[in-house]
Amino acid sequence: MKTFYSPTHLEHAPPEEFEGGRMNPAVEVPARALGVLAEVERRRLGPVLPPAEFGAEPIARVHDAGLVGFLSQASELWRKRYGEDAPPAIPSAWPARGLRSRPDGDVETRIGNYAFDTATPIVKGTWRAALAAANTALSAAEALANGERGTFALARPPGHHASSDVFGGYCYLNNIAIAAQWLVERGLRPAILDVDYHHGNGTQSIFYRRADVFFASLHGDPSFAYPHFLGFADECGEGDGDGANLNLPLAMYTDWRAYASALTLAFSRINAFAPDVLLVSLGLDTFEADPISKFSLGTKDYLRLGEIIGGARLPTLFVFEGGYNLTALPEITVNVLEGFEGG
Ligand code: Q9C
Ligand code: ZN
């Protein structure tokens with residue numbers, strides 16, 4: 001399997017995130033992708049290729065111009081306001097109910113307008129890294145469109161929490177949505193399967209009113225898990241998109257048995273949609289020893305997960321999302337990809 005990878009992600013390395021009422025060491029760190037890259041090479045998964053440049057257009061097809069404009073300038077504006085040695089940009093006020101959305105204004109206004117949490121700091125290299133991640137997903141999508149059976153976009157920062165006009169959850173641009181939209185415009189019919197522990201609220205929102213992209217997600221029930229405000233079972237899509245969204249929120253400590261039965265259900269709906277490509281938001285934070293999550297999948301379960309995905313017999317693009325146990329992450333990630341190839 002071809003892996004697409006750009007070292008530009010190294011420029012996005014915020015040291016901390018604000019969570020639980022304090023600054024904590026960041027968990028979405030460059031070592032995540034470096035570890036997986038080393039394992040891809042060690043197990044000879046296939047060639048590692050640099051992404052091509054796709055320009056601004058494929059991003060503009062998914063994201064609001066105000067969000068893109070803000071993200072591209074945010075770090076510079078923040079440093080003008082708070083000094084060259086300012087800490088990473090994190091919002092401190094948001095337009096919650098009763099307040100007005102304001103896409104224009106000073107940097108505090110705009111960061112609050114476009115962010116939905118405090119866990120997604122912006123540093124000097126964030127925008128370049130986010131662009132490289134989107135290009136990585138697009139390059140892997142292009143290889144798929146050119147006839148590969150499976151491709152892997154080893155991209156960070158991740159993407160599935162970013163909607164058209166809101167960033168958060170360590171995500172700035174929605175890499176998988178950008179790839180899906182690009183494939184739609186080439187006449188393909190994508191289904192997205194999101195196996196990250198956290199609900200892919202951004203991806204869901206982007207396609208919620210559309211019938212041409214199916215979205216299915218298995219995740220920790222938002223009654224206890226981030227992102228708290230989306231991902232419930234009664235969200236089925238709206239308008240043209242009614243019936244093209246499937247949420248399978250799962251209980252704390254979900255193990256392989258319960259996970260596999262939800263996966264079977266997801267594939268019965270995906271197959272009924274009759275996609276011609278499958279895009280997988282590959283989060284590995286379902287692992288039993290993930291530091292921020294509460295599922296109970298073991299190392300070998302990821303081989304089975306890959307086999308089941310491969311059993312769908314669809315050209316498949318894997319886009320790297322979450323997964324924060326730095327020790328296990330390389331092995332479990334490549335287990336999915338090898339399982340797919342054997343399955
Ligand atoms: N106490 C992804 O996996 N903070 N994003 C959670 C839990 C944010 C996860 C706090 C988690 C974002 C791509
Ligand atoms: Zn996650």
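I need the GluC sites (Glu not before Pro) found in region 7-67, filtered to DSSP loop residues with at most 13 other beta carbons within 10 Å of theirs.
For GluC sites (Glu not before Pro) across region 7-67 that sit outside H, G, I, E and B with at most 13 neighbouring Cβ atoms in 10 Å, the list reads E53.
Could you put M252, M1 in order, starting from the residue whose Cβ has the fewest other Cβ atoms within 10 Å?
Working: M252 13, M1 20.
Listed from fewest to most nearby Cβ atoms, that is M252, M1.
Each principal axis of the Cα atoms in region 164-280 has its own extent, and those three values, largest first, are 40, 31, 23 angstrom.
Considering only the other residues whose Cβ falls under 14 Å of the Cβ of A233, what net charge follows from Lys and Arg at +1 and Asp and Glu at -1?
Values: positive: R269; negative: D221, D234, E235.
Neighbourhood net charge equals -2.
What is the diffusion coefficient of region 1-62 in µm²/s, taking the Kirkwood radius over Cα pairs and the Stokes-Einstein relation at 20 °C with a viscosity of 1.002 mPa s?
On the way: Rh = 14.3 Å.
The Stokes-Einstein estimate is 150 µm²/s.
The chymotrypsin sites (Phe, Trp or Tyr not before Pro) found in region 259-343 include none that occupy coil by DSSP while having at most 15 further C-beta atoms within 10 Å.
I'd like the distance separating the alpha-carbon centroids of region 42-102 and region 260-305, in whole Å. Region 42-102 and region 260-305 have Cα centres separated by 28 Å.
Counted over the chain with a bin width of 10 Å, the fraction of Cα pairs per bin, in whole percents, is 6, 28, 37, 23, 6, 0. I want to verify the translational diffusion coefficient of region 61-139 in µm²/s; compute it with Stokes-Einstein, Rh as the Kirkwood radius over Cα pairs, at 25 °C and 0.890 mPa s. The diffusion coefficient I find is 184 µm²/s. Taken over the Cα atoms of region 21-152, the convex hull encloses 158 Å³ per residue.
The share of C-alpha pairs in region 194-343 whose separation exceeds 23 Å stands at 30 percent.
Counting only complete DSSP H runs, which helices of the chain cover 24 Å or more along their long axis at the Cα atoms and score a mean Kyte-Doolittle of -1.0 or above? Mind dumping the intermediate values first?
Numbers: long enough: 65-82 (25 Å, -0.14); 126-145 (28 Å, 0.74); 256-273 (25 Å, 0.54).
In the chain, the long hydrophobic H runs are 65-82, 126-145, 256-273.
Could you calculate, for region 230-275, the ratio of the Cα radius of gyration to the Kirkwood radius, expressed as Rg to Rh? Mind showing how you got there, number by number?
Numbers: Rg = 12.0 Å, Rh = 11.7 Å.
Radius of gyration over Kirkwood radius for region 230-275 works out to 1.02.
When the chymotrypsin sites (Phe, Trp or Tyr not before Pro) in region 34-99 are filtered for DSSP coil states and for at most 10 other beta-carbon atoms within 10 Å of their beta-carbon, no site remains.
What share of the DSSP beta bridges in the chain is antiparallel, in percent to the nearest 5? Show your work: numbers first, answer last.
Working: 6 of 37 bridges.
So the antiparallel bridges in the chain amount to around 15 percent.
Taking each DSSP H run with n ≥ 4 as -39500 (n - 2.57) and averaging over every residue of the chain yields -11000 deg cm²/dmol at 222 nm. Ignoring aspartates and glutamates fewer than eight residues from K124 along the same chain, the ones with Cα atoms less than 20 angstrom from its Cα are E11, E16, E17, E28, E76, E84, D85, D106, E108.
For region 80-223, the alpha-carbon radius of gyration amounts to 1.14 times the rule-of-thumb value 2.2 N^0.38 Å expected for a compact globular protein.
Only the coordinates and a few stated rules stand behind these numbers; no lab work does. The structure presented is a predicted model; accordingly, all values stated were derived computationally and were not measured. Counting neighbours? That spans all protein chains shown, and the Cβs are built from the backbone with ideal geometry, glycine included.
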